[in-house]
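Chemist: The structure's right below; bear with me while I get my questions together.
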Amino acid sequence: MIPVIFPKISVTDWDLLAFIGSMIAAVISYMGIRAPILSQRKDQLMTRYSSIIKELTLYSKRTRKVIFMTEFYNSLKENEVTKERLQEQAGLIKEYIENVSDLFAKIVNDVDLLTFEDIELRLRALYGFNNHYEAIDTYIQNYAPDSVFALDIKDYLKQAKKLELYLDDYRQRLLIKYNEVKNKSVFRLTDPFKNNI
């Protein structure tokens, strides 16, 4: 068979044949060692992504309403913004901050550094609302539609909505990455997962 494939090589030239054989064995060994390592990396990435996606999906059932409620409150006319409505909005923001803080505590070890910084920065901006909430009774008693408190509530609702949209977008991006990793083959000479880590 060798004379047919390599007509220039003499069958008696064992050094060259040994070299070719060792090169083939090296490639097979390399792939044999590399495949399980890449398979393990693939499993780890899929587990990491699916863990975050599940948490984001579960929490979105509690936090998603901030998007719709922000739209509702923004559609109210000035005379429709009563003390009770303002208190509802404050309660919604407080509940949202608590839920997202719980979510963030659960996914903090799985998210990448840039996403961690984005969420941390947005959440820290929302934490300022806690000072308002502690003095809500005073604000409600002295309520006026154009008061600083009413404007602050609107601003915090906008920030909460932006954070919720960011988390939803992050979940969608992770789902795409999850599917990419799931469909990649581990039998490649280049690292198929280097852009997913």
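The values are calculated or read from the model by the stated rules, or taken from the named source; none is laboratory data. Keep in mind it's a predicted model, so treat the numbers as computed, not measured. Because the Cβ atoms are built from the backbone with ideal geometry, glycine has one as well, and the counts that use them run over all protein chains shown. Protein only, heavy atoms only, side chains kept; ligands, DNA and RNA dropped before computing areas. Shrake-Rupley method; radii C 1.70, N 1.55, O 1.52, S 1.80 Å.
Chemist: Out of (1) exposed (fewer than 15 other Cβ atoms within 10 Å of the Cβ); (2) in contact with a helix residue (DSSP H, G or I) (Cβ under 6 Å, 6 or more places away or on another chain), the odd one out for E98 is which?
Modeler: (2)
Chemist: Any chance region 45-63 includes a residue that's in contact with an Asp or Glu (Cβ under 9 Å, 6 or more places away or on another chain), farther than 18 Å from R173 by Cβ, part of a helix (DSSP H, G or I) and modelled with pLDDT under 85?
Modeler: Scanning region 45-63, I find no residue that is in contact with an Asp or Glu (Cβ under 9 Å, 6 or more places away or on another chain), farther than 18 Å from R173 by Cβ, part of a helix (DSSP H, G or I) and modelled with pLDDT under 85, so the answer is no.
Chemist: Now for a separate question. For the subset of region 106-148 comprising residues that are in a loop (DSSP other than H, G, I, E, B) and open to solvent by 80 Å² or more (accessible area, probe 1.4 Å), which member is modelled with the highest pLDDT? Quick ask: steps written out before the conclusion?
Modeler: Restricting attention to region 106-148, the residues satisfying the condition of being in a loop (DSSP other than H, G, I, E, B) are 108-112, 128, 135, 142-147.
Okay, now just the ones that are also open to solvent by 80 Å² or more (accessible area, probe 1.4 Å), so 109, 142, 146.
Details: N109: 90, N142: 72, D146: 67.
Once the filter is applied, the top-ranked residue is N109.
Chemist: A further question on this structure: Looking only at region 64-86, which residues are at pLDDT below 80, among the basic types (K, R) and assigned to a helix (DSSP H, G or I)?
Modeler: K83
Chemist: Does L175 satisfy being touching a helix residue (DSSP H, G or I) at 6+ places or on another chain (Cβ under 8 Å), closer than 18 Å to T70 by Cα and not aromatic (F, W, Y)?
Modeler: Values: touching a helix residue (DSSP H, G or I) at 6+ places or on another chain (Cβ under 8 Å): yes; closer than 18 Å to T70 by Cα: no; not aromatic (F, W, Y): yes.
The answer is no for L175.
Chemist: State which residue is farthest from the chain's Cα centre (by Cα) when the search covers only region 67-87 and only residues that are within 20 Å of Y139 (Cβ to Cβ) and surrounded by 14 or more Cβ atoms within 10 Å (Cβ to Cβ). It would help to see each step written out before you state the result.
Modeler: Step one: filter region 67-87 for residues within 20 Å of Y139 (Cβ to Cβ), giving 69-70, 73-74, 76, 78-87.
Filter once more, keeping what is surrounded by 14 or more Cβ atoms within 10 Å (Cβ to Cβ): 69-70, 73, 81, 85-87.
Details: M69: 24, T70: 23, Y73: 28, V81: 35, R85: 33, L86: 32, Q87: 32 Å.
Filtering first and then ranking leaves V81.
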